[in-house]
1. As an exercise: evaluate residue 101 against (1) more than 22 Å from residue 268 (Cα to Cα); (2) at pLDDT 90 or above and give the number of the one condition it does not meet.
2. Residues that are within 21 Å of residue 101 (Cβ to Cβ), modelled with pLDDT under 90 and open to solvent by 10 Å² or more (accessible area, probe 1.4 Å): does segment 260-269 have at least one?
3. Could you grab me the full set of residues in segment 280-301 that are at pLDDT below 65 and charged (D, E, K, R)?
4. Report whether or not residue 106 is farther than 22 Å from residue 277 by Cα, open to solvent by less than 40 Å² (accessible area, probe 1.4 Å) and in contact (Cβ under 8 Å) with a residue 40 or more places away in the chain.
5. Look through 35, 49 and report the one residue that is modelled with pLDDT of 80 or more, surrounded by 17 or more Cβ atoms within 10 Å (Cβ to Cβ) and more than 23 Å from the chain's Cα centre (by Cα).
6. From the list 151, 159, which residue is among the small types (Gly, Ala, Ser), under 24 Å from residue 30 (Cβ atoms), modelled with pLDDT under 90 and out of contact with any strand residue (DSSP E or B) (no Cβ under 7 Å at 6 or more places or on another chain)?
7. Conditions first: (1) part of a helix (DSSP H, G or I); (2) open to solvent by 60 Å² or more (accessible area, probe 1.4 Å); (3) modelled with pLDDT of 65 or more. Residue 390 passes all but one, so which condition is the exception?
Amino acid sequence: MTLPLIKPEEFVGGYIGTVRRVLDCKSKRAVMDKLHQRFEAIDRKMAVLDVVAQTCERPMSEIVAMHTLTPLSRAFALDNISVPYGEDLNKDRLRNHAGKFSASHPQCCPACIEEDLDLLGLSYWRRYHLIRGIGHCLKHSDVELISIRTAKAFSQEPAHYFGDRSIVKTHSQRSETIVSNEFVRRYAGICEGLLNTKSPIGKAGAAAAMRAQADRLGFKLSTSVNSQTLHNLIQSSAPKKWLLDHFPKFLVQRRSSDLEQNCLPSPKHVASETFVLASAALYASPEDALKDFAKFAGKDAISLGARRRVKSWSSPEVLRIYVEAGFNASAVAAHFGTADRATCRAMAERGYPSIQKVINNKAGQALKRFLTGSELEDAISHAGERRDEFAKLLRGVAAPLAALFKQIEMQKSQ
């Protein structure tokens with residue numbers, strides 16, 4: 001029996017459903033068992049994507065890049081950013097990425113279904129209908145997507161859920177204010193652009209682009225946990241109903257999971273849709289955002305940018321990021337796109353202390369008292385610390401200022 005080939009932009013989970021119907025299997029596991037037998041696979045735990053690639057006679061990297069949401073979900077990855085999608089995932093991650101989508105339920109477009117039935121005689125699930133926050137079709141921009149709220153929706157083709165009724169007449173009354181809203185359009189356009197990339201942009205590069213854009217707009221993005229610049233910008237730009245449906249936490253009148261701290265220097269992974277949400281608030285168009293991201297895309301570009309920008313680990317910019325991130329050297333590495341271990345070592349050599357290590361010891365307590373108003377001798381005496389240990393810590397904290405004084409003295413002597 002000849003198996004169908006995967007169609008343009010067809011979601012891999014939907015394709016498995018198509019094969020399931022052709023092979024008349026009762027479950028996805030039964031489909032995989034038959035495909036394993038067909039290809040005489042020795043490894044019965046072979047990832048779904050690998051089996052699909054063999055079925056369609058396509059490279060697995062192509063299946064990942066063109067038939068899953070991986071290019072969006074890993075757009076702001078922290079690792080392997082110079083490696084094409086599919087080649088950067090081990091078997092466990094490939095298995096997890098096969099059927100992942102971010103919309104609350106599978107969605108389909110009535111106009112796409114009608115076109116499919118006219119041209120092919122059947123309909124199929126498209127990956128760009130399955131993105132969180134996108135409620136209209138990216139191909140038919142004035143048509144609202146319809147959610148299919150049933151278990152194992154991909155086991156049937158989209159047209160199945162409309163029976164014999166006229167498909168166009170079944171779709172609900174769309175909200176003109178949301179579908180035509182410029183913020184939502186920017187969000188959708190950025191997601192679509194990222195979906196067509198071949199390898200990750202990388203979090204560090206995208207964060208650098210966003211900081212530069214914020215500076216151009218006159219906004220001050222801070223990594224303080226109390227900063228709400230992006231949060232407030234999103235609230236003022238996005239439709240309230242849309243935020244409530246897809247990003248409800250951004251309607252809460254408090255900081256939203258430390259948005260700026262997580263999106264900017266933190267080495268912590270952030271959901272791509274959250275990153276896109278912040279980008280849609282900062283940029284005037286999807287093209288501007290994607291063009292800016294592209295400037296920083298790829299490992300080589302980021303490394304080169306980092307080498308140009310970090311001329312001195314004692315520079316004011318390094319100190320600012322370091323302090324705003326809670327005296328965290330790893331955050332500096334994430335900010336500049338440099339290696340974490342090398343950054344920490346370089347900063348340690350220049351006397352930067354780690355607040356987590358020193359804040360609770362005697363020298364740290366003495367310094368804290370002194371800097372918050374106590375007399376020098378009282379601070380040292382109260383903490384019960386030797387003067388030489390206190391002096392060592394103080395020099396470490398003041399390393400950037402010491403470097404500045406040395407530069408001034410050198411200029412005077414010339």
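1. (1)
2. For segment 260-269, residues within 21 Å of residue 101 (Cβ to Cβ), modelled with pLDDT under 90 and open to solvent by 10 Å² or more (accessible area, probe 1.4 Å): present.
3. 299, 300
4. no
5. Selected residue: 35, the only one of 35, 49 that is modelled with pLDDT of 80 or more, surrounded by 17 or more Cβ atoms within 10 Å (Cβ to Cβ) and more than 23 Å from the chain's Cα centre (by Cα).
6. When all the criteria are applied, what remains is 151.
7. Of the numbered conditions (1) part of a helix (DSSP H, G or I); (2) open to solvent by 60 Å² or more (accessible area, probe 1.4 Å); (3) modelled with pLDDT of 65 or more, the odd one out for residue 390 is (2).
Conditions (1) among the β-branched types (Val, Ile, Thr); (2) surrounded by fewer than 17 Cβ atoms within 10 Å (Cβ to Cβ); (3) at pLDDT below 60; (4) assigned to a loop (DSSP other than H, G, I, E, B), marked per residue:
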position	(1), (2), (3), (4)
249	no, yes, no, no
253	no, yes, yes, yes
256	no, no, yes, yes
303	no, yes, yes, no
307	no, yes, yes, no
312	no, yes, yes, yes
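The values are calculated or read from the model by the stated rules, or taken from the named source; none is laboratory data. Source: prediction; values computed, not measured. Reconstructed Cβ throughout: ideal geometry from the backbone, glycine too, with neighbour counts over all protein chains shown. The accessibility values were calculated without ligands, DNA or RNA, using every heavy atom of the protein model including side chains. Shrake-Rupley method; radii C 1.70, N 1.55, O 1.52, S 1.80 Å.
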